[in-house]
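The values are calculated or read from the model by the stated rules, or taken from the named source; none is laboratory data. Quantities reported herein were computed from a predicted structural model and do not represent experimental measurements. Virtual Cβ from ideal backbone geometry, glycine too; neighbours counted across all protein chains shown.
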Amino acid sequence: MTMEVDILELSDRSAKFVLSNTTTAFANGIRRAALADVPTLAITEINIYNNTSVLYDEQLGLRLALIPLTSNMEDFIPKEECNCGDFCPACQVSLTLSAEGPGMVYSQDLVSSDDKVQPADPNIPIADLREGQKIVLEAIAQMGYGNKHSRWQAGVACGYKNMPIVEFSGCDQCGKCVTECPVNIIKIGTNSAEISTEDMLKCTLCRLCVGICEIDAIDVKVDEHSFIFTVESDGSYSTKELILNAGSVIKDKATSLSEILSTL
């Protein structure tokens, strides 16, 4: 069987698609890779030259660390995989911040040394400065993995469920299942209750319709080789790039494992 992908929704930050003719292991591999194994850039160190805001230096560092930065797997490598001894443009990027109150300091006020690395959202609040308060600092962003720290987690939400299959046999059209369904996808058709192909994707597999049916006319099961994926990105990658990168990560790991096994 050839694996198939049917895209239902796609935008820069979210996507929904059906992955068919594959295994649960592969589907879960895509999910885990998107959450933890696709490297991204995140701020890991800050050099503070002046901070008279109400935030402690540590609080300021934590806020900066969770600002998503646009990333590119081809331009940077994780710090732990780099051979450099100090600052290196292959694994690190410098961003500076110089702000004086009164006013709110936003992520867009960070000035990057690399035009390709920018805050994914320009309007993330950093600190509210009063008259005379200042923040002057340099932030160092490094490439890393979500399995090491949440600051590097590009996939803020990534999950899947098996494709539902709901079948009606000997239905007497009493309508109880229609009332019981929490997502309102069951309709009374000409000869039986029914669910359209499009609405089938909304089924939560709660099986309340099965429980309410007095004549056991409803059978709810799943397609074990078809999965409905929902993915959200923090903006460091578009959702399309995130899923493609997750696939590349799995491919590279499989190739590496094959090479190791061939030497045994």
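A compact table of results
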read-out	value
Breaking point among (1) buried (at least 18 other Cβ atoms within 10 Å of the Cβ); (2) in contact (Cβ under 8 Å) with a residue 60 or more places away in the chain; (3) part of a loop (DSSP other than H, G, I, E, B), for Ile77	(1)
Residue that is farthest from Lys134 (Cα to Cα), among those in region 99-112 that are exposed (fewer than 15 other Cβ atoms within 10 Å of the Cβ) and not aliphatic (A, V, I, L, M)	Gln108
Of the criteria (1) within 21 Å of Ala15 (Cβ to Cβ); (2) touching a Lys or Arg at 6+ places or on another chain (Cβ under 6 Å), which one Ile185 fails	(1)
Members of region 149-164 that are surrounded by 14 or more Cβ atoms within 10 Å (Cβ to Cβ) and part of a loop (DSSP other than H, G, I, E, B)	Gln153, Ala154
Whichever residue in region 222-247 is among the small types (Gly, Ala, Ser) and either without any contact (Cβ under 8 Å) to a residue 12 or more places away in the chain or assigned to a strand (DSSP E or B) (or both) and, among such residues, is surrounded by the most Cβ atoms within 10 Å (Cβ to Cβ)	Ser233
Filtered residue count, region 115-132, keeping only those that are surrounded by fewer than 20 Cβ atoms within 10 Å (Cβ to Cβ), of a type outside the set (Asp, Glu) and under 13 Å from Asn51 (Cα atoms)	2
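For every residue, the table says whether it meets (1) in contact with a helix residue (DSSP H, G or I) (Cβ under 9 Å, 6 or more places away or on another chain); (2) more than 16 Å from Ile43 (Cα to Cα); (3) part of a helix (DSSP H, G or I); (4) modelled with pLDDT of 95 or more.
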site: Thr96; (1), (2), (3), (4): no, no, no, yes
site: Gln108; (1), (2), (3), (4): no, no, yes, yes
site: Lys116; (1), (2), (3), (4): no, no, no, no
site: Met143; (1), (2), (3), (4): yes, no, no, no
